[in-house]
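Colleague: Next up is a structure, given as structure tokens.
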Amino acid sequence: MSSTQNQIQAGAPKDETKGSKAMIAIVLVTSLFLIWGVTMNLVNPLRDPFGKYMHLNATQTSLLQFAYYIAYFVMAIPAGLIAKRFGYKGGMISGLVLFAIGAFLAIPATNMGSYGLFLFAMFVVALGASSLETNANPYITKLGDEAHESFRLNLAQSFNAVGNVISPVILGFIVPATVHPDNNTEKLNFLGDIKMVYIVIGIVLLVVLAAFCFIKLPQPPGDVEEEATPAAAAPAESPLKKPYVILGIIAEFIFIGLQVVGMGLFTTYAQQFGGMNSSAALIWFTVLTVCFAAGRFITTPIMSKVDPGKILFVYMTLSAVLMLIVAAGWGMFSVICFVIAYLFISIGYPTIFSLTIKGLHGQATKTVSSALVMSIVGAALIPLLFGVIQDGVGGAAGLQVALLVTVPCFAYLAWYAIKGSKMGLVEGK
């Protein structure tokens, strides 16, 4: 038996991906999904109170989302390079360090009442979150048999959705029912509460960072085989040349943009077409986030028995139909359809992610994972595009036309689920 074969057997990937070590790794990495879910969904609701207290215009308030999501584009490739050099664990540790630095930068930002410094703090937080996503998503996906990749990632991402629900609940305690922009005491209390939120997040991150430093994580099987491959071996074809990978990156760019823009427009839509006030709209928004989390928890067990691509096809088709009703603007009925749509939108990101890296291992997985995380820049660019559409048309009609554009986008995602995700895919390799 050759030395290379001995090395591969010594790696014994099937032993590392089962048992208590794998379970500890899954629990530890899944905790990251919850943490960045909380911080990501804090950004959208913070726009309105920050804008009012700081007397910002619409463009300035939108910079909060832009600063957060553009970091994903900036950090994805460096995070992938770190993963190639130091492995998934090294990538996740670097992400936790950046994440914690960003969280603690919120302390001077809120103390000084500096919106610019707070934007920078959120940018650094998102740099860390980007590094975590670049590494945690493929790590969870590949830590086990290929048949259940979508199941594992959707299960982990379900806790990300729980984080999305926690965020508006936290803000419900610290944002006044009515914001008085010129009330300095109220403003200082708000900034003080935001500071405490990020202090707690920073402390939690340091605890998790310590756990990652001292606990050995098992390696996915593809990584072990790749390390045992002789350096002289012929380089493999770039995974970015595979049709299903390119189409998947496009699908993820579109999907994350649709998910974020819908959440951003919901409260405005609920007030205009549901005839409700801002407090009632926020309650319905919380219901929407609960549906989003429930969709992942309900669907994930089904994925162990039904092809994830088929489930995604059905869900994206239903999302297109529901958003068509939303664009019609049929009062409270359309508001309810908007909320229900997020029950089906819920599984999009993790399922597209797992379909796009299917059949890949080792460095190829890390390369594509970086590209997929870069595609999250869609959350910065697509809302901007929809804003241009709204301003161009004007009024309630502008909101309806913008939402109508989501329908063909969801149709593309449905097509990718059933057809595009199989173009150029060679199973078992």
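Values in this text are rule-based calculations from the coordinates and carry no lab data. Keep in mind the model is a prediction, meaning the values are calculated, not measured. Here the Cβ positions follow ideal geometry from the backbone for every residue, glycine too, while neighbour counts run over all protein chains shown.
Colleague: Report the residue, chosen from I254, I283, I101, that carries the largest GNM mean-square fluctuation when the chain is represented by alpha-carbon nodes joined by springs under 10 Å.
Modeller: Checking each option, the largest mean-square fluctuation is seen for I283.
Colleague: In sequence order, what are the phi-derived ³J(HN,Hα) couplings for segment 151-168 according to the Karplus relation 6.51 cos²θ - 1.76 cosθ + 1.60 with θ = phi - 60°, rounded to whole Hz, with x for glycine and proline?
Modeller: 4, 5, 5, 5, 4, 5, 5, 4, 6, 5, 5, 4, x, 4, 6, 5, 4, x
Colleague: What is the sum of charges, Lys and Arg at +1 and Asp and Glu at -1, for the other residues whose Cβ falls under 14 Å from the Cβ of I107?
Modeller: 0
Colleague: Compute the acute angle (0 to 90°) between the alpha-carbon long axis of helix 243-274 and the principal axis of greatest extent of the alpha-carbon atoms of the chain; round to the nearest 10°.
Modeller: Relative to the chain, helix 243-274 is tipped by roughly 20 degrees.
Colleague: What fraction of the Cα pairs in segment 57-208, stated in percent, has a spacing above 25 angstrom?
Modeller: Of all Cα-Cα pairs in segment 57-208, 36 percent lie more than 25 Å apart.
Colleague: In the Gaussian network model of the chain, springs joining C-alpha atoms below 10 Å, which of A25, A161, A280 carries the largest mean-square fluctuation?
Modeller: Among A25, A161, A280, the largest GNM mean-square fluctuation belongs to A280.
Colleague: Something else: Among (i) 23.1, 69; (ii) 21.7, 78; (iii) 22.9, 66, find the value of Rg and Dmax of the Cα atoms in Å that was calculated from the structure presented, and write down its label.
Modeller: Step by step, Rg and Dmax of the Cα atoms in Å for this structure corresponds to label (ii).
Colleague: Give a residue-ordered list of calculated ³J(HN,Hα) values for segment 27-35 (Karplus: 6.51 cos²θ - 1.76 cosθ + 1.60, θ = phi - 60°; whole Hz; x for Gly, Pro).
Modeller: Per-residue couplings from phi come out as 5, 5, 5, 5, 4, 5, 4, 5, 5 Hz.
Colleague: Give K241/K422; K84/K422; K305/K419 a once-over and call out the pairs whose C-alpha atoms are over 24 Å from each other.
Modeller: Cα-Cα > 24 Å for K84/K422; rest within.
Colleague: Let's test this: bin the Cα-Cα distances of segment 126-216 at 10 Å from zero up to the farthest pair and state each bin's percent.
Modeller: Each 10 Å bin holds this share of Cα pairs: 13, 31, 29, 17, 8, 2.
Colleague: Go ahead and set up a Gaussian network model of the chain, Cα springs under 10 Å, then flag whichever of N44, N164, N277 fluctuates most.
Modeller: Result: N277 has the largest fluctuation of those listed.
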